[in-house]
Amino acid sequence: MVGLLVLAAVVAAPAACALERGEFQDGLYTAPGAIFTVRSPLGPNPWVIDSFDRSAGAVTFINEAGGLFGIVCTPSFDPLAGARNDPETDLAILRNWLHDATFPLFFERQLPGAALVREEPGTFEGQPAWLAVMHLPRGSAMFKNDPQTGLPVRQDSYRGLVVFSRGDHTFLIMKETEPDSPWNSFLPALSDFYHGMAFALPPAIPTDPQVAEVRP
């Protein structure tokens, strides 16, 4: 059952072949290439599932109680992501990243019937963000017995998520929520999760060397 639990825990891996995995030590996860680090929100010994194809991929933390937190990240597809835009532009970039690439690739392709059941623009940690709740049929880390067959069946998953850009990457962070929970009830826990993250700094722009003035 533990093996089934781990395999069923997350639908958040690249559709392409995963080539790399990060490191998890003393409760701290470091993504390949140190794109980001994050402190486990489920204590020092959760199950950690990750896979990356170069600089795009995902990591998920789960525990025996069905707790689940995850991160999906890719390079920002829009060259304006992370720039000094007006809020409407930032929100459109984040929404497009979710709708046009990340949700179809990381979720819909692997779980037919996956859907965004509610979404809206918002702010997160003082910056524009896209907020949503998604439904993943049989995408939970938890099982229940089918009353007819008696066999364990994976439960549906509802996950609250936040999309934001930092540096050269765009991120989706998520956690399990209940379908009848008040809207935005997942935000405080995701805020705590975010506070355990650190992001790679964008490469510094080289400056032109200055030639010393030669005086006679």
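Quick check on my filter: what residues within segment 94-121 are touching a Pro at 6+ places or on another chain (Cβ under 9 Å) and either crowded, with 17+ Cβ neighbours inside 10 Å or in a helix (DSSP H, G or I) (or both)?
Selection gives L94, R95, L105, F106, L111, A114.
Of all residues in segment 72-89, which are assigned to a strand (DSSP E or B) and either touching a helix residue (DSSP H, G or I) at 6+ places or on another chain (Cβ under 8 Å) or β-branched (V, I, T) (or both)?
Passing the criteria: V72, T74.
Any idea which of (1) in contact (Cβ under 8 Å) with a residue 24 or more places away in the chain; (2) surrounded by fewer than 17 Cβ atoms within 10 Å (Cβ to Cβ); (3) over 20 Å from E64 (Cα atoms) is the one Q148 doesn't satisfy?
For Q148, the exception is condition (1).
The rows are residues; the columns are (1) acidic (D, E); (2) within 18 Å of the chain's Cα centre (by Cα); (3) modelled with pLDDT of 90 or more; (4) buried (at least 22 other Cβ atoms within 10 Å of the Cβ).
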{"position": "V163", "(1), (2), (3), (4)": "no, yes, yes, yes"}
{"position": "H169", "(1), (2), (3), (4)": "no, yes, yes, no"}
{"position": "P179", "(1), (2), (3), (4)": "no, no, yes, no"}
{"position": "N184", "(1), (2), (3), (4)": "no, yes, yes, no"}
{"position": "P188", "(1), (2), (3), (4)": "no, yes, yes, no"}
{"position": "Y194", "(1), (2), (3), (4)": "no, yes, yes, no"}
{"position": "L201", "(1), (2), (3), (4)": "no, no, no, no"}
{"position": "A204", "(1), (2), (3), (4)": "no, no, no, no"}
{"position": "V211", "(1), (2), (3), (4)": "no, no, no, no"}
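Return a yes/no flag: does segment 126-142 have any residue that is at positive phi and either of a type in the set (D, E, K, R) or without any contact (Cβ under 8 Å) to a residue 40 or more places away in the chain (or both).
yes
So G33 clears everything in (1) over 23 Å from A129 (Cβ atoms); (2) touching a residue at least 60 places away in the same chain (Cβ under 8 Å); (3) in contact with a helix residue (DSSP H, G or I) (Cβ under 9 Å, 6 or more places away or on another chain); (4) of a type outside the set (A, V, I, L, M) except one condition, right? Which one?
That leaves (3) as the condition not met.
The values are calculated or read from the model by the stated rules, or taken from the named source; none is laboratory data. Quantities reported herein were computed from a predicted structural model and do not represent experimental measurements. With ideal geometry, Cβ positions are generated from the backbone for all residues, glycine too; neighbour counts draw on all protein chains shown.
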